[in-house]
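The values are calculated or read from the model by the stated rules, or taken from the named source; none is laboratory data. Keep in mind that what you see is a predicted model, and the values were worked out from it rather than measured. As a convention, Cβ positions derive from the backbone with ideal geometry for all residues, glycine included, and neighbour counts pool all protein chains shown. What goes into the accessible areas is simple: the full protein's heavy atoms, side chains included, and nothing from ligands, DNA or RNA. Shrake-Rupley method; radii C 1.70, N 1.55, O 1.52, S 1.80 Å.
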Amino acid sequence: MLTTLIVPCYNEEAVLPLLYRSLTEEAEKLKNKTEFEFIFVDDGSGDGTLDILKKLAEKDERVTYLSFSRNFGKEAAMFAGLKNAGGDYVAIMDADMQDPPSLLPEMFRLLEEEGYDSVATRRVSRVGEPRLRSMGARVFYRIINRISDADIVDGARDFRLMKRKMVDAVVAMGEYHRFSKGIFGWVGFRTCWLPFENVERAAGETKWSFWSLVRYSVEGIINFSQVPLSIASWCGIGLTGVSFFMVIFIIVRKLLFGDPVAGWPSLACIIVFLGGIQLLCMGIMGQYIAKTYMEVKGRPHYIIGESNRKDISRIS
Ligand code: UDP
Ligand code: MG
């Protein structure tokens, strides 16, 4: 029995030694149940991350590193890890210890004994996180759950342990714009949610700015919902109804009272209003078309520049 641990790393030189120590400790605890392999994906780091990984790989044969030719993002890094994972069980975790490795034994037990196909984790608190960020996250989860077909749990992390059959399903979803939280929900399987208290980053700093999170959320919504596309149709139906009543109103008023039709300010407002809605809807359609464009091009998700493994496909 083999378990693969995947760790995406982007400029994580400060935490990697800590993480590696705690991973080996957990592996030691579980050693009579499973062997481990560690896949560290260096996502085009500009610091000493790759050097540290090379040293680890030299002294520990369980360590594999895949080093991207540039920064492709965390989603691509997770995908590369999953594609090259050989384990019967596979886990993904962040490098910064915000996904506590100490949860691994319990996650392992849930898969083995309770018959779940995957154990996912969710934060029940967001202590130590900026207020605006937590608020934005809550709004995002509410919107996406209402309008999409993937069910996404508030506070869900990418930290999870999966059985082989689920990993195969996730890898088979080969879309270019990946949104893992949605993909995990979409493929189904019996998932157990393990709550834990937020832990702050062990060292280094977060790679996500507020705006990159906003962009990521829009990506999630567009990837898993077609509801925004129907906004145009609903506005169209609504406005057609309104204009119908306006015409009747004006005709009746003219016939009964002989009022002249009021002048241009109201007209200008209506034109601006309609113009705004039309542009908004075109913008939304544009977002979907842009995504379609990128998917159709079929570009690779990542390019591996360096690795200590020879049997991997470098471009995928
Ligand atoms: N990460 C990555 N590529 C990126 C950004 C982040 O591989 O372009 C990794 C990062 O090294 C870490 C994980 O994704 O292991 C989560 O990043 P971070 O801790 O900065 O995010 P936060 O926990 O603040 O949401
Ligand atoms: Mg983090």
Seminar exercise, completed: Burial-style ranking of 162-174, 283-295, average other-beta-carbon count within 10 Å with highest first, yields 162-174, 283-295
Exercise. In nm, to one decimal, how far is the modelled label at D88 from the one at V252, with both set 7 Å along Cα→Cβ?
Worked result: 7.6 nm
Seminar exercise, completed: Hydrodynamic radius by Kirkwood for the chain, inverse mean 1/r across distinct Cα pairs, in Å, is 22.3 Å
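Throw me the Rg/Rh for segment 97-162, computed over C-alpha atoms with Kirkwood Rh, two decimals. Walk me through the numbers before you get to the answer.
Details: Rg = 14.1 Å, Rh = 13.6 Å.
That ratio is 1.04, to two decimals.
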For this session: Compute the Rg/Rh shape ratio of segment 1-141: radius of gyration over Kirkwood radius, all on alpha-carbon atoms.
Result: 0.98
For this session: Could you check the simple spin-label distance between F244 and A268, using points 7 Å along Cα→Cβ, in nm with one decimal?
Result: 3.1 nm
For this session: For D51 and K31, compute 0.36 nm times the residue count separating them, minus their Cα-Cα distance, and round to one decimal in nm.
Result: 4.4 nm
Exercise. In the chain, with Lys and Arg counted as +1 and Asp and Glu as -1 at Cβ, which of these residues, Y293, P8, C192, has the Cα nearest the positive end of the dipole, that is, farthest along it?
Worked result: Y293
Problem set entry | Separation between Cα centres of segment 105-175 and segment 198-217, rounded to whole Å | 16 Å
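To the nearest 20 Debye, how big is the dipole of the chain about its Cα centre, given +1 on the beta carbon of each Lys and Arg and -1 on that of each Asp and Glu? Before the final figure, lay out each step's value.
On the way: 39 positive and 39 negative charges, 216 e Å.
It works out to roughly 1040 debye.
Once R0 is set to 41 Å, what does the formula 1/(1 + (r/R0)^6) return for the Cβ-Cβ distance between E113 and S134, expressed as a FRET efficiency to the nearest 0.05? Numbers along the way, then the final one.
Numbers: r = 34 Å, r/R0 = 0.84.
So, using R0 = 41 Å, E works out to roughly 0.75.
For segment 170-265, what D do you get in µm² per second when you plug the Kirkwood radius from alpha-carbon pairs into Stokes-Einstein at 25 °C and 0.890 mPa s? Don't skip to the answer; put the middle values down first.
Values: Rh = 19.5 Å.
Rounded, D is 126 µm²/s.
When the accessible area of the chain is computed with all protein chains present and a 1.4 Å probe, what percentage of it is carbon and sulfur? Before the final figure, lay out each step's value.
Working: 10190 of 16820 Å².
Solvent-exposed carbon and sulfur of the chain make up 61 percent of the total.
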Seminar exercise, completed: Phi-derived 3J(HN,Hα) across segment 202-217 with the Karplus relation (6.51, -1.76, 1.60, θ = phi - 60°), rounded Hz, x for Gly and Pro, is 5, 6, x, 9, 5, 9, 10, 8, 4, 6, 5, 5, 4, 4, 5, 5
Exercise. Looking at the square roots a ≥ b ≥ c of the eigenvalues of the Cα gyration tensor of segment 40-85, which shape do they give, rounded for a/c under 1.5, prolate if a/b is larger than b/c, or oblate?
Worked result: oblate
Exercise. Per the helix-only calculation at 222 nm, which mean residue ellipticity applies to the chain, given -39500 (n - 2.57) for every DSSP H run of n ≥ 4 and division by its residues, nearest 500 deg cm²/dmol?
Worked result: -17000 deg cm²/dmol
For this session: May I ask for the net charge around L5, where only other residues with Cβ less than 10 Å from the Cβ of L5 are counted and Lys, Arg are +1 while Asp, Glu are -1?
Result: -1
Exercise. Which GluC sites (Glu not before Pro) in segment 18-88 pass both tests, a DSSP loop state and at most 14 other beta-carbon atoms within 10 Å?
Worked result: E61
For this session: Find which of G136, S22, M282 sits farthest along the positive direction of the dipole of the chain, computed with +1 on the beta-carbon of Lys and Arg, -1 on that of Asp and Glu, about the Cα centre.
Result: M282
Exercise. Using mean Cβ contacts within 10 Å as the protection proxy, how do 65-74, 300-309 order, highest first?
Worked result: 65-74, 300-309
